[in-house]
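Below is one structure, written out as structure tokens; comments come after it.
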Protein chains: 2
Amino acid sequence: MLESAMSPRQISKPRARQTREARPYHHGDLRRVLIDAALQLAAEGAEVSVREAARRAAVSPGAPFRHFPNRDALMAAVAEEAQRRFRVEIEAALADAPAANALARFRAFGLAYVRWAMRNPAHFEIISTGRYFAHGSSAELTRDNAELIALTERMLTEAVAQGLLRSTDLKRVLIAGRALIYGFARMNLDGHFPRWGVEEAEIEEMAEGVIDLFISGISKP
Amino acid sequence: MLESAMSPRQISKPRARQTREARPYHHGDLRRVLIDAALQLAAEGAEVSVREAARRAAVSPGAPFRHFPNRDALMAAVAEEAQRRFRVEIEAALADAPAANALARFRAFGLAYVRWAMRNPAHFEIISTGRYFAHGSSAELTRDNAELIALTERMLTEAVAQGLLRSTDLKRVLIAGRALIYGFARMNLDGHFPRWGVEEAEIEEMAEGVIDLFISGISKP
DNA sequence: AGCGCGATGTAATCAACGCTTACATAATGG
DNA sequence: CCATTATGTAAGCGTTGATTACATCGCGCT
């Protein structure tokens with residue numbers, strides 16, 4: 001709106017590529033910008049609409065459909081990006097964890113998992129819920145997610161190998177561990193922790209306590 | 001559309017009350033019918049819209065707003081009804097459980113919880129997510145939910161009193177237990193169990209295993 | 001009785017949304 | 001240099017939640 005009175009194209013043949021100063025007819029990388037806008041939109045708690053993303057990109061309401069066949073495809077791309085960020089952070093946390101003890105690594109994993117979910121609730125919701133776009137519409141997302149599961153499986157397998165666990169029913173322990181961590185994260189962002197939830201530190205403390213309780217429960221006495 | 005050629009009101013002054021044959025101008029109990037329609041809509045996997053609920057009640061699109069100030073209020077009423085049904089079933093399951101052992105009761109609770117969530121995924125989603133209407137817009141719902149939490153707390157307190165638990169940090173055990181059960185239920189309906197999820201019996205078996213693992217983890221050796 | 005008024009429905013309308021189509025313009029490469 | 005393709009705009013469709021003005025019922029009061 002503001003720029004409606006500006007010279008329509010600034011310079012007829014700007015040749016200005018990287019500058020991006022006056023939004024040439026062809027947007028730099030609209031696809032990326034739309035994904036970022038949608039991510040930001042979600043992070044603000046607003047519901048993501050294609051139109052609003054287009055609005056933030058200062059582009060007509062129909063433009064996004066040049067890059068995404070439909071809203072679901074946008075959301076799938078958004079989910080992919082969120083999942084990528086999630087994975088990066090998890091792996092960073094594990095890189096800092098001691099490599100020796102498998103259960104200590106599991107603990108670090110769980111804490112990083114919960115922490116990211118707490119700090120990026122809307123993005124976590126998009127990633128984990130599968131209710132924001134047609135299920136299985138992104139192979140990359142399911143692959144990334146499977147990789148994360150495989151990661152925890154490896155940690156617990158290692159724990160068994162190290163003789164740390166009471167039970168050797170790996171599958172059962174794996175599912176329980178996933179359910180515990182996922183459940184804790186979701187309880188948080190589904191509002192199941194009344195309003196002592198304001199203190200992030202307190203929640204992390206709870207997460208530690210819960211994970212430690214679980215670990216001590218499955219550990220050999 | 002089809003009835004556009006019918007006689008406008010069938011009989012000018014029907015005086016037909018209970019018959020409902022020709023849908024009198026005043027619907028019997030539109031509020032209840034709308035809630036039921038919305039519940040059914042959700043159960044069918046469709047997304048709940050006020051218009052569609054009105055359509056199923058054979059009523060004009062504006063009529064629901066005589067009973068609910070907005071869509072959120074309808075959804076809140078729907079959630080209340082779903083929560084009521086949930087609670088009834090949980091309590092029925094606990095009525096059948098042995099009163100003696102507190103942990104056995106906890107186990108029965110968890111299984112009933114997961115089972116209901118599996119069989120009523122959309123309703124469970126509406127109840128538990130708090131993302132389908134303004135948070136805290138129904139006092140009854142939060143009260144019912146709090147009562148359920150208090151129920152599990154009582155069971156675990158009793159377990160402590162019976163000297164069954166290793167840890168006496170009740171709060172921690174309570175949160176872990178809730179996270180485990182909630183997480184398992186949500187993983188299910190969020191599609192985290194690929195497609196061996198088709199077998200309901202298998203999932204229940206997994207639920208048993210996971211809950212038993214947890215209980216044995218917190219039990220005194 | 002009857003009638004008046006509140007309760008409850010309808011009809012028409014609005015803005016926002018997802019999505020499609022026809023068209024305009026920029027970028028690119030033969 | 002120009003034609004082809006990529007990418008944006010403009011306009012419009014059908015659906016949704018929500019509001020407003022109006023129609024109709026039915027209960028309670030005198």
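Tally the residues that are buried (at least 20 other Cβ atoms within 10 Å of the Cβ) and away from every other protein chain (no Cβ under 11 Å), restricting the search to the range B:113-129.
Selection size over the range B:113-129: 7.
Any residue that is assigned to a helix (DSSP H, G or I) and facing chain A (nearest Cβ under 10 Å) - is there at least one of those in the range B:146-161?
Among the residues of the range B:146-161, at least one is assigned to a helix (DSSP H, G or I) and facing chain A (nearest Cβ under 10 Å), which makes the answer yes.
Could you check the range A:162-177 and list, in sequence order, the residues that are more than 11 Å from every other protein chain (Cβ to nearest Cβ) and either open to solvent by 50 Å² or more (accessible area, probe 1.4 Å) or under 25 Å from the mean Cα position of the chain (by Cα) (or both)?
A:Q162, A:T168
Which of (1) at the interface with another protein chain (Cβ under 9 Å from one of its Cβ atoms); (2) within 23 Å of A:A146 (Cβ to Cβ); (3) open to solvent by 20 Å² or more (accessible area, probe 1.4 Å) does A:Y182 not meet, given it meets every other one?
(3)
Among all residue pairs at least 6 apart or on different chains, which show Cβ distances below 7 Å where the first residue, located in the range B:55-71, is within 9 Å of DNA strand D (Cβ to nearest atom) and the second is open to solvent by 40 Å² or more (accessible area, probe 1.4 Å)?
From residues that are within 9 Å of DNA strand D (Cβ to nearest atom), the pairs are B:P61/B:R51.
Taking the condition of a type in the set (S, T, N, Q) and without any contact (Cβ under 8 Å) to a residue 60 or more places away in the chain, does A:S167 pass?
Considered against the rule, which asks whether it is of a type in the set (S, T, N, Q) and without any contact (Cβ under 8 Å) to a residue 60 or more places away in the chain, A:S167 comes out as yes.
Output the number of the condition that A:A46 fails; it satisfies all remaining conditions of (1) among the hydrophobic types (A, V, I, L, M, F, W, C); (2) more than 11 Å from DNA strand C (Cβ to nearest atom); (3) open to solvent by 30 Å² or more (accessible area, probe 1.4 Å).
Every condition holds for A:A46 apart from (2).
Out of the residues in the range A:54-77 meeting the condition of being within 11 Å of A:R31 (Cβ to Cβ) and not in a loop (DSSP other than H, G, I, E, B), tell me which one is most open to solvent (accessible area, probe 1.4 Å).
That would be A:R66.
The values are calculated or read from the model by the stated rules, or taken from the named source; none is laboratory data. Just so it is clear, the structure is predicted and the values come from calculations on it, not from any experiment. Cβ atoms come from the backbone with ideal geometry, glycine included; neighbour counts cover every protein chain shown. For the accessible areas, the whole protein counts, side chains as well, though only heavy atoms, and no ligand, DNA or RNA atoms are used. Shrake-Rupley method; radii C 1.70, N 1.55, O 1.52, S 1.80 Å.
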